[in-house]
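**Student:** Okay, here's the structure, questions in a sec.
All of the numbers you see were taken from the coordinates with simple rules; none came from a lab. All values derive from a computational prediction rather than experimental measurement. For neighbour counting, all protein chains shown are included, and Cβ atoms are generated from backbone atoms with ideal geometry for every residue, glycine included.
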Amino acid sequence: MQGEKTILSIQSFVTHGYVGNKAATFPLQLHGFDVDAINTVSVSNHSGYPIIRGHRMDLQEYETLMEGIRANNFLSSYRYLLTGYINNPEIILKVSETLKELRALREKEGKEVTFFCDTVMGDDGIMYCKPEVIEAYRELIKFADIATPNYYEAGLLSGINITDMESAIKCVDWFHAQGTKTVIIKSFRTKEEPTQLQFLISSIKIQNDDNNKVPATPRRWTGIVPYHEGRYTGTGDLFAASLLAFSHDHPLEIAVGKAMAVLQDTILETRKEGGDGNSSLASRELRVTKSPNILLNPVTVVVVKPM
Ligand code: ADP
Ligand code: CA
Ligand code: CA
Ligand code: CA
């Protein structure tokens with residue numbers, strides 16, 4: 001069945017560049033999704049630049065927007081909830097109430113909701129959120145169908161520093177113990193293999209199973225992608241959006257492989273246009289609009305193998 005392609009996407013908005021909803025909306029729309037965006041911030045650019053100007057949503061503004069969404073009966077139409085950069089512990093906690101409300105509304109109609117929770121807090125040892133945000137995400141991830149932390153965020157949440165596959169597995173098991181059904185550590189680099197990025201998928205949910213039978217042991221998959229020297233922003237946001245899109249009509253592991261491939265192709269495209277590891281922040285903005293084709297049908301093949 002084709003199913004509803006409707007998303008409530010709670011992320012940042014930037015005027016310039018491609019992070020948050022700016023990185024997620026276009027790819028999702030290309031895939032044919034209706035993306036109803038809540039912009040948690042509306043700012044000039046991402047926080048890596050020396051200057052940032054704009055507006056940050058507070059809890060009251062979030063609730064006011066939700067009031068409108070609720071009053072017009074839009075809320076029950078969302079098949080997916082996707083969250084990214086919020087950086088406000090009160091809103092993060094409120095999102096779990098929004099999810100509960102959404103689930104209850106749709107259950108009455110016999111309809112599903114899938115919650116993709118990208119726990120945006122920082123990267124590579126640099127935290128760009130308030131410390132209370134970590135605590136709030138520890139609550140929210142309990143309700144996540146799919147959590148997509150980067151290795152640093154997974155470490156902040158679990159207290160387990162990811163340095164290799166062994167620590168990554170300990171970390172995903174921590175997520176499962178909290179209640180997260182599926183967790184994807186999108187990439188981590190080891191001392192032994194610095195030229196590649198490994199990823200780990202761990203799921204305690206049987207895919208495409210309506211009976212919700214939970215197997216005793218999680219199913220896990222892994223794979224590698226080549227590491228491209230340099231820091232890119234918005235990669236996780238494009239990944240989460242692509243994962244949601246592909247998971248709509250593919251099993252989890254296939255969807256992850258395709259989303260990984262989208263990132264490879266997009267980073268290569270960005271580098272081809274001058275955005276290599278040593279270039280300016282502006283030239284390292286992901287070229288999300290450059291080749292719509294690769295967002296739908298990435299060229300790179302990323303192998304995802306069961307563990
Ligand atoms: P985040 O952007 O949230 O920090 P990651 O750094 O794990 O998350 O990036 C998400 C995905 O983007 C990774 O799974 C990987 O496929 C790709 N990616 C990000 N940075 C690089 C890089 N420097 N080289 C190759 N792939 C990258
Ligand atoms: Ca809509
Ligand atoms: Ca990263
Ligand atoms: Ca991220």
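**Student:** Give me the distance in nm between label points sitting 7 Å out from Cα along the Cα-to-Cβ direction at Arg138 and Glu269, one decimal.
**Tutor:** 4.0
**Student:** Related question: Which of the pairs Lys181/Lys290; Lys94/Lys290; Lys5/Lys305; Lys108/Lys186; Lys5/Lys186 have their Cα atoms more than 30 Å apart in this structure? Write out the running numbers ahead of the final one.
**Tutor:** Values: Lys181/Lys290 34 Å; Lys94/Lys290 36 Å; Lys5/Lys305 28 Å; Lys108/Lys186 35 Å; Lys5/Lys186 24 Å.
Flagged as over cut-off: Lys181/Lys290; Lys94/Lys290; Lys108/Lys186.
**Student:** Here's something else I'd like to know. Checking the a/c ratio against 1.5 first, then a/b against b/c, what shape does the Cα gyration tensor give for segment 57-104?
**Tutor:** Note, shape of segment 57-104 comes out oblate.
**Student:** Once the Cβ-Cβ distance between Arg231 and Ala71 is put in as r, and R0 is 45 Å, what FRET efficiency do you end up with, to the nearest 0.05? Don't skip to the answer; put the middle values down first.
**Tutor:** On the way: r = 42 Å, r/R0 = 0.94.
The computed FRET efficiency comes out at 0.60.
**Student:** Whats the longest run of the chain with zero trypsin sites (Lys or Arg not before Pro) that are DSSP loop and have at most 13 other Cβ atoms within 10 Å?
**Tutor:** By the stated rule (loop sites, at most 13 other Cβ atoms within 10 Å), 54-190.
**Student:** Under a Cβ-only charge scheme (Lys and Arg +1, Asp and Glu -1), can you give me the dipole magnitude of the chain about the Cα centre, in debye to the nearest 20? Please report the intermediate quantities before stating the final value.
**Tutor:** Working: 32 positive and 37 negative charges, 66 e Å.
Here the size comes out at about 320 debye.
**Student:** Okay, moving on. Which shape class, rounded, prolate or oblate, goes with the chain when its Cα gyration tensor gives a ≥ b ≥ c as root eigenvalues, a/c under 1.5 marks rounded, and past that a/b bigger than b/c marks prolate? Intermediate values should be presented prior to the final figure.
**Tutor:** Numbers: a/c = 1.34, a/b = 1.11, b/c = 1.20.
Verdict is rounded for the chain.
**Student:** Same structure, new question: Say a site is exposed when it is one of the GluC sites (Glu not before Pro), sits in a DSSP loop, and has at most 11 other Cβ atoms within 10 Å; what is then the longest site-free stretch of the chain?
**Tutor:** The reported range is 1-108.
**Student:** Counting each pair of different Cα atoms once, what's the Kirkwood radius of segment 65-167 in Å, rounded to one decimal?
**Tutor:** By the Kirkwood definition, the hydrodynamic radius is 14.7 Å.
**Student:** Report the paramagnetic label zone for Val299: residues of segment 246-280 whose backbone N is under 12 Å from a point 7 Å from Cα along the Cα-to-Cβ axis.
**Tutor:** Residues 265-270, 272 fall inside that zone.
**Student:** While we're on this one: How many nm separate the modelled label positions at Lys290 and Tyr49, each set 7 Å beyond the Cα in the direction of the Cβ?
**Tutor:** Rounded to a tenth, the inter-label distance reads 1.9 nm.
**Student:** Name the most mobile residue of Thr217, Thr182, Thr114, meaning the one with the largest mean-square fluctuation, in a Gaussian network model of the chain with Cα contacts below 10 Å.
**Tutor:** Between Thr217, Thr182, Thr114, it is Thr217 that shows the largest mean-square fluctuation.
**Student:** Sticking with this structure for a sec: Output needed: percent of Cα pairs per 10 Å distance bin for segment 1-128, bins running from 0 to the one holding the longest distance.
**Tutor:** Pairs per bin, as whole percents: 12, 42, 34, 10, 1.
**Student:** Could you check the spin-label model distance between Thr64 and Lys130? Points 7 Å from the Cα along Cα→Cβ, value in nm.
**Tutor:** Going by the 7 Å Cα→Cβ label model, 1.9 nm.
**Student:** With r as the distance between the Cβ atoms of Ile254 and Thr190 and R0 = 30 Å, compute the FRET efficiency 1/(1 + (r/R0)^6) and round to 0.05.
**Tutor:** According to the calculation, E is roughly 0.75.
**Student:** Can you work out ³J(HN,Hα) from phi for every residue in segment 139-148, in order, using Karplus 6.51 cos²θ - 1.76 cosθ + 1.60 and θ = phi - 60°, giving whole Hz and x for Gly and Pro?
**Tutor:** Whole-Hz 3J(HN,Hα) from phi for segment 139-148: 6, 5, 5, 4, 9, 7, 6, 9, 9, 10.
**Student:** Using +1 at the Cβ of each Lys and Arg and -1 at the Cβ of each Asp and Glu in the chain, identify which of Pro306, Leu286, Thr233 lies farthest towards the dipole's positive end.
**Tutor:** Looking along the dipole axis, the top candidate is Pro306.
**Student:** Multiply the residue separation of Glu97 and Ala177 by 0.36 nm, subtract the distance between their alpha-carbon atoms, and state the gained length in nm to one decimal.
**Tutor:** Working: separation 80, 0.36 × 80 = 28.80 nm, distance 2.09 nm.
Length gained, Glu97 through Ala177: 26.7 nm.
**Student:** Go ahead and run the numbers for FRET between Glu166 and Asp276, Cβ-Cβ distance against an R0 of 25 Å, rounding to 0.05. Each step should come with its number before you reach the end.
**Tutor:** Numbers: r = 33 Å, r/R0 = 1.30.
For Glu166 and Asp276, the calculated efficiency is 0.15.
**Student:** Would you please calculate the Kirkwood hydrodynamic radius of segment 136-260 over all C-alpha pairs and express it in Å, rounded to one decimal?
**Tutor:** So the Kirkwood estimate lands at 14.9 Å.
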